[in-house]
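Working notes, structure below.
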Amino acid sequence: MTTTNIRARKPKMTPPPGSCDCHIHIFGSRDRYPLAADVAYRPTEANVERYRDLLARLGTERVVVVQPSVYGTDNRCTLDAIAALGPQARGIAVILPDASDAELARLHDTGIRGLRFSLTVKNAMHPRDLNRVSQRIAPLGWHIQLRSTHHDLPNLEPILNELPVDVCIDHMSSIPPAEGTRHPAFETLMRLVSSGRVWVKLSAPYQLSRKGPPRYADMAEQARRLIAAAAQRMVWGTNWPHPQASEQPPDDADLLDVLLDWADDEVTRRAILVENAATLYDFNNGS
């Protein structure tokens, strides 16, 4: 599919008012937002104006801007994007574990509602600091955003269960579809969502799917089981602009339309797109 067609096609699904794309990145100009010294990839510019075009095409209204690894702990691009997108935007930051209370308060006032941790994402916060940092952000009502994999999630389970804050796991924990629901990591994920403190992003199926677009059918079993177990703690995101799939980016309309396969009814889809995101990212207060 050409880039022109991708930009033109609207999704089959009409998202309800207040729908939120819970995982995007913004990449600004290099002269204003220099990259960190050590990066896993070098993104092309993907600014707020381009993302507004996608909002109009998909029909979503709210958005969560996630600090990308290429900026390390320099959150300026993410914070500027939240400010430009206005009260319908929230953000996930990366900070030093010993950041001051004043800095945490400042980030909260700018729309940050969580911190990004991972063992595999370069420049993310390290899980060894989960407990210490969680204690500090609990009074703010923030959560931990965790990019885990099928390799590390089982070992992290006891740590996650003891945290005083909620946890949102990216991209369905990146469990290969060939392993699917039989993998110990998926069994771990199901236990975690049953705790009532863990959320899952139904996002980026293209990263592991072998069957590919438009339906990413080999990811459906995992998604449907997660929704059946805890629909009230599922959220959705595109992962726009798909920084590590830039040569063959997915069609974001396909990424929205998978919910027609994964969730059986409009009530469940509304919960995933609107109500759950409003709760997790604090959209119910002031926007």
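The values are calculated or read from the model by the stated rules, or taken from the named source; none is laboratory data. Remember, predicted model here, so these are calculated numbers, not experimental data. Neighbour counts run over all protein chains shown; Cβ positions are idealised from the backbone, glycine included.
Odds and ends about this structure:
Here is a yes/no grid of residues against (1) assigned to a helix (DSSP H, G or I); (2) of a type outside the set (Asp, Glu); (3) over 23 Å from residue 280 (Cβ atoms); (4) in contact (Cβ under 8 Å) with a residue 60 or more places away in the chain:
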position: 165; (1), (2), (3), (4): no, yes, no, no
position: 178; (1), (2), (3), (4): no, yes, yes, no
position: 212; (1), (2), (3), (4): no, yes, yes, no
position: 219; (1), (2), (3), (4): yes, yes, no, no
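- Pairing each residue of segment 265-287 that is buried (at least 17 other Cβ atoms within 10 Å of the Cβ) with any residue that is charged (D, E, K, R) and part of a helix (DSSP H, G or I), provided the two are 6+ apart or on different chains, yields C-beta distances under 8 Å for 276/233.
- Single residue of segment 263-287 satisfying the filter (of a type in the set (Ser, Thr, Tyr) and in a loop (DSSP other than H, G, I, E, B)) that is farthest from residue 224 (Cα to Cα): 287
- If you filter segment 114-153 down to residues that are more than 19 Å from residue 71 (Cβ to Cβ), at pLDDT 95 or above and in contact with a Pro (Cβ under 7 Å, 6 or more places away or on another chain), you find that the one that is surrounded by the most Cβ atoms within 10 Å (Cβ to Cβ) is 134.
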